[in-house]
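My structure is below; once you've seen it, I'll send some questions.
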Amino acid sequence: VTNTSELNEAISNGKTNIKLSAETTYKLTSATNKTLNIIGPKSATLDLSGVRPGSFRGSTLTFDGIFIDWGPNGNVYKGSDLASCTFNNCHIKGVFWGYAGHLYFNNCTLDVNGDKIWTYGADSMTFRNCDFYNTCENVILMYRNNMDFQCTLNIHNCHFFATNENNQNNGENWGENAVVEIKPHKSTTVANVNFTGHNTKSKNLSWVRI
């Protein structure tokens, strides 16, 4: 497909394998109850800044070899509940939240604009052979404000480079110096964290902080 209109038309017509064109930006805001495999090249950009909690409900999505742009940081909770979503060989920029479902990241580069990744309501997040850049002093936050949650976080052969020492949210200290922070915050929290393989981190980071 060569533009956003063709992408949305292909999704509406039930296409399951969609190839993007080089040096082109596409905007995807909705694909419910779909099974989709969207393929790069890496010079293609998929703009997910308009995704909201119900945007991908019931869908199984795979993104392969694409630049993923979640848009500028802000207070909008970007992400969607879904069956599962897999990112393979993607460069992912911006902050995003996990919602109900399972998220898999394989051989990806993640640049979160000086912030953090939120597991939020995800059932699980799995990162394999990924590099994390431009994070604040905690890279992954297991947190859901005032709500119970249960999440499994799997990290295998990943590398963490914290570059932003400002780890606050509206003046509240969210902790510091950890690859993973678990923040119960008035909720019943079951957080399973599994490190496997050979993971590395900046020397000022610990592995887990509660």
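Go through (1) open to solvent by less than 30 Å² (accessible area, probe 1.4 Å); (2) touching a Phe, Trp or Tyr at 6+ places or on another chain (Cβ under 8 Å); (3) of a type in the set (Val, Ile, Thr) one by one and return the number of the condition Thr32 breaks.
(1)
I'm checking my understanding of the structure. Among residues of the stretch 49-68 that are within 13 Å of the chain's Cα centre (by Cα) and at pLDDT below 95, which one is surrounded by the most Cβ atoms within 10 Å (Cβ to Cβ)?
Selected residue: Val51.
Moving on. On the given criteria, is Ser5 in a loop (DSSP other than H, G, I, E, B), more than 17 Å from the chain's Cα centre (by Cα) and surrounded by fewer than 16 Cβ atoms within 10 Å (Cβ to Cβ)?
So Ser5 does not fit the description; no.
Within the stretch 71-104, track down each residue that is within 15 Å of Phe132 (Cα to Cα) and either of a type in the set (Asp, Glu) or touching a Leu at 6+ places or on another chain (Cβ under 7 Å) (or both).
Within the stretch 71-104, Ile92 is the sole residue that qualifies.
Right, next: Of (1) over 18 Å from Asn199 (Cβ atoms); (2) at pLDDT below 90; (3) part of a strand (DSSP E or B), Glu137 satisfies all except one. Which?
(1)
Only one of (1) touching a Ser or Thr at 6+ places or on another chain (Cβ under 7 Å); (2) under 25 Å from Asn129 (Cβ atoms); (3) open to solvent by 50 Å² or more (accessible area, probe 1.4 Å) is not met by Lys27, so which one is it?
So Lys27 meets the others, but not (2).
The values are calculated or read from the model by the stated rules, or taken from the named source; none is laboratory data. Here the structure is a predicted model, which means the values were calculated and not measured. Cβ sites come from the backbone with ideal geometry, for glycine too, and all protein chains shown count toward neighbours. Just so you know, the surface numbers come from the protein's heavy atoms only, side chains and all, with ligands and any DNA or RNA stripped out. Shrake-Rupley method; radii C 1.70, N 1.55, O 1.52, S 1.80 Å.
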